[in-house]
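As C-alpha cells, the structure follows; a few thoughts come after it.
What follows is calculated from the coordinates using simple rules that are stated; it is not laboratory data. All values derive from a computational prediction rather than experimental measurement. In this analysis, Cβ positions are derived from the backbone assuming ideal geometry, glycine residues included, and neighbour counts consider all displayed protein chains.
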Amino acid sequence: MKSLVSPQFLQHIHAHPQWAFAQKICDTLTDKGFEAVLAGGCVRDAIMDRVAKDLDIATDATPDQVESLFQAWNPVLVGKAFGVIVLPTAAGPIEIATFRKDGEYLDGRRPSSVEFSSLEEDAIRRDFTVNALFYRPKTLEVLDFVNGQEDIRSGTLRAVGEPQKRFQEDELRILRAIRFSGQLGFRIEPATFAAITEMATEISKRPLERRGEWVSRERVRDEVDKMLMVKNPKLAFDNLNHAGLGELVFENWASAILPVRDHVFQPVTLEARRLALFYRLLQRFSIEQVQEKLSNWKYGRPFIDTAVWFMRYEKELRTSAPDPAKDLVSRETIVQEFREKFEADRRAKESKRDECRHFTAIERDWMTALEHWTDGRAPVALEVLDAIYDPDTRRAGALKRRGLLLGKEDEVRARAHDLEGLELQGPNLGRELRRLTREILLKAARSS
C-alpha cells in the first residue's frame, strides 16, 4: 500500500540532523537507477510525530555496488556479509542495507545466510509491523506491505506474520516487544503477547546449563537499560512481569526486582534508575555476589563501584543507627552522610577519580534513586523532598523553608536566627544546617 506523506512527516524527516546526508545518499542511488528508501523506525517515528534517533536507508543495490558508489565516504564494512554498509557522516553513521530475505535461523539469534531480494520481501522479514515501513523520498510516499500504519493509528504492537516464527528466529525479539510497548505506549496484540509468553515458557524448560544461553547477557542488559529510559517504562516492566520474563531476564534476582515500583523511574539519568531498580538486590546479596552479578552483565567499573558503595555505607548507617524513627527518614539522613563519606574517600584516594566523576553525574537524582530506603513510609521525608535538595543549602534561609514545610516554623526560625548570630560560613554552616535538619526531621517523624 502506498500513501502520500503529510507535511508534518516531511517536517520531521527534513529537520533531522542526518537528512542532508541521507538525501544525498538516496539521490546518488536513484541517479544510478537503484531504489532508495528510508526504512524502519525513522518512518514510524515521523508518522507518530516524533523525532527519530537515526535515518536508516534500504536499497536494491548490492553491498558491493554500495561500497563502490560511496568509496569516498570511507564505508565501514563490518556488516557487509548481512547486506549492511555503514557510511560515517558528520551527523553520525548512516546504515545502508540491501533488501534481503533471511535464511534459516539455527541459533535463535541470527540467520545462517541472507539472500538479496525485493522491497516487499524485506518488509515481511522484519520484526513488527510498525517497524516494517518505508519512505521513498523521490515520490514522497510511504510504502506499507504489512498494515503497519493502521497498527500505529490503533496503538497496537503486532509481529509481522506468525509471531511464534518471528520470536524463534531471534529470541531477543521478545524483549524488544516489551521495550517497544513502553517506548511507543502501545498495547501488545493478543497473539503476539501469547507467543511471547509461550517462548518464555519454552526457554525456561531448557536445561539449566543452556537456559542462560538464550540471549547474551550484554544484549539483555542493553534491552533493560533501554526499557529504563523509554517514554513509559512502567508499562514495559509490567508487561515483562506479566509475560513471565522476570526469571529469564533477572535470573535469581527476579523476586527482588519485580514488580518494579513507580519511583524507580523518577530519576532522570540511566545510572540513577539502575541504582533504584537494583536497590533491593543490594540488601539481599553480599558485596562479592553483587560485584559478580553486575560484572557478568558487563556493567562498567564506575557503576559497579557506586553500587558497592551503596551497600557498604547503607549497611553501616543502618547498623549504627537502629532508631526506627531514623529509619523513617533515612533517605535524607543517609544521603547526606553518604555524600560526606564519599567526599572523604575521594580526597583520601585520588585513584577513585573516575568513580567520583560518575558519582557527580548522578548526584542530582540521588534523592529519588534512594526511594527504596523508605519504601514510601516516610511522609515527612516525602513532603520536604524538593526543599531538602535545595541548591542554596549554605544559607539559613534554606533551613527556614525546610522548617516551614515541616510545620516547625517557630523552632526553625529560632534556630536559623541562632545560626545567623554565630555568623558561620562555608562548610561549617553547611554541616550545622544538615545536623539541625536531621534533628528536626527525626523529631517530626517520632511525633507523626
Task: Calculated from backbone phi, Karplus (6.51, -1.76, 1.60) coupling profile of the range 47-56 in Hz, x at Gly/Pro - done: 5, 7, 6, 10, 8, 7, 6, 9, 9, 9
- [ ] For a label point 7 Å from the Cα of LYS231 along Cα→C-beta, name the residues of the range 1-24 whose backbone N is under 18 Å from it.
- [x] 6, 8-13, 16
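Suppose the chain between ALA254 and ALA90 were pulled fully straight at 0.36 nm per residue; how much longer would it get relative to their current alpha carbon spacing?
Details: separation 164, 0.36 × 164 = 59.04 nm, distance 4.22 nm.
Result: 54.8 nm gained on full extension.
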- [ ] Please work out how much length the chain gains when fully extended from ARG206 to ASP49, using 0.36 nm per residue of separation minus the C-alpha to C-alpha distance, in nm with one decimal.
- [x] 52.3 nm
Open item on the list: As a footprinting exposure proxy, order HIS263, HIS16 by other Cβ within 10 Å, with the fewest listed first.
Closed with: HIS263, HIS16
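I want the local charge near LEU157. Using Cβ-Cβ distances under 9 Å, sum +1 for each Lys or Arg and -1 for each Asp or Glu among the other residues. Write down the numbers at each step before the final one.
Values: positive: ARG158, ARG187; negative: ASP151, GLU189.
So the surrounding residues net to 0.
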Open item on the list: I'd like the distance between the alpha-carbon centres of the range 240-295 and the range 113-160, rounded to an integer number of Å.
Closed with: 35 Å
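Starting from the range 188-281, pick out the trypsin sites (Lys or Arg not before Pro) whose DSSP state is loop and whose Cβ has at most 15 other Cβ atoms within 10 Å.
Values: sites: LYS205, ARG210, ARG211, ARG217, ARG219, ARG221, LYS226, LYS231, LYS234, ARG261, ARG273, ARG274, ARG280; in loops: LYS205, LYS231, ARG261.
When the trypsin sites (Lys or Arg not before Pro) of the range 188-281 are filtered for loop state and at most 15 Cβ neighbours within 10 Å, LYS205, LYS231 remain.
Assuming R0 = 25 Å, can you tell me the calculated FRET efficiency for the pair GLN8 and ARG219, based on Cβ-Cβ distance, to the nearest 0.05?
Numbers: r = 34 Å, r/R0 = 1.37.
Efficiency at R0 = 25 Å is approximately 0.15.
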